[in-house]
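The values are calculated or read from the model by the stated rules, or taken from the named source; none is laboratory data. Keep in mind that this is a model prediction, so the values were computed, not measured. A quick note on method: Cβ atoms are made from the backbone with ideal geometry, for glycine too, and the neighbour counts reach across all protein chains shown.
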């Protein structure tokens, strides 16, 4: 394009897009709280839940981890619980607080 004298910009446009997928919650309590039970919390899970949170801010989704102290990956110091805290998502480890049922 340069040789042809064509004017252009490179990667100057940033487009937002939405993935068209479905989310099936693990458990829905009578009070409307959605519980997502997690063993491994993969990067694909995290990306999915950020999209869900952004597109459905009215839903109350909370995580129940087997081990919230697990790190996101071998090189990370961020735990599953830390990630939830950063994104304002309630979480617990193993046992669900009674207050979540009320």
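As an exercise: evaluate residue 96 against (1) under 13 Å from the mean Cα position of the chain (by Cα); (2) modelled with pLDDT of 95 or more and give the number of the one condition it does not meet.
Unmet condition: (1).
Working only within region 29-44, note down all residues that are surrounded by fewer than 10 Cβ atoms within 10 Å (Cβ to Cβ) and under 14 Å from the mean Cα position of the chain (by Cα).
Answer for region 29-44, where residues must be surrounded by fewer than 10 Cβ atoms within 10 Å (Cβ to Cβ) and under 14 Å from the mean Cα position of the chain (by Cα): 43, 44.
Could you tell me which numbered condition residue 100 fails, if it satisfies all but one of (1) surrounded by 11 or more Cβ atoms within 10 Å (Cβ to Cβ); (2) free of Cβ contacts under 8 Å to residues at least 60 places away in the same chain?
(2)
How many residues does region 68-84 hold that are in contact with a strand residue (DSSP E or B) (Cβ under 8 Å, 6 or more places away or on another chain) and closer than 16 Å to residue 36 by Cα? So that I can check it myself, show each step before the final result.
First pass over region 68-84, keeping only residues in contact with a strand residue (DSSP E or B) (Cβ under 8 Å, 6 or more places away or on another chain): 68-72, 77-81, 84.
If we keep only those that are closer than 16 Å to residue 36 by Cα as well, we get 68, 80-81, 84.
Count: 4.
Which pairs do you get when a residue that is within 13 Å of residue 70 (Cβ to Cβ), found in region 38-50, comes within reach of a residue that is in a helix (DSSP H, G or I) and modelled with pLDDT of 95 or more, reach meaning Cβ atoms under 8 angstrom, with the pair 6+ apart or on two chains?
38/45; 38/80; 41/80; 41/83; 46/83
Could you please find all residues in region 89-102 being touching a helix residue (DSSP H, G or I) at 6+ places or on another chain (Cβ under 8 Å) and not in a strand (DSSP E or B)?
Correct list: 89, 90.
Which numbered condition in (1) out of contact with any helix residue (DSSP H, G or I) (no Cβ under 7 Å at 6 or more places or on another chain); (2) part of a loop (DSSP other than H, G, I, E, B); (3) crowded, with 16+ Cβ neighbours inside 10 Å is the only one that residue 67 fails?
Failing condition for residue 67: (3).
Determine the pairs where a residue that is exposed (fewer than 10 other Cβ atoms within 10 Å of the Cβ), located within region 4-25, has a partner that is modelled with pLDDT of 85 or more and in a loop (DSSP other than H, G, I, E, B) with Cβ atoms under 8 Å apart, the partner being 6 or more residues away or on another chain.
As it stands, the answer is 8/1, since those pairs meet every condition given.
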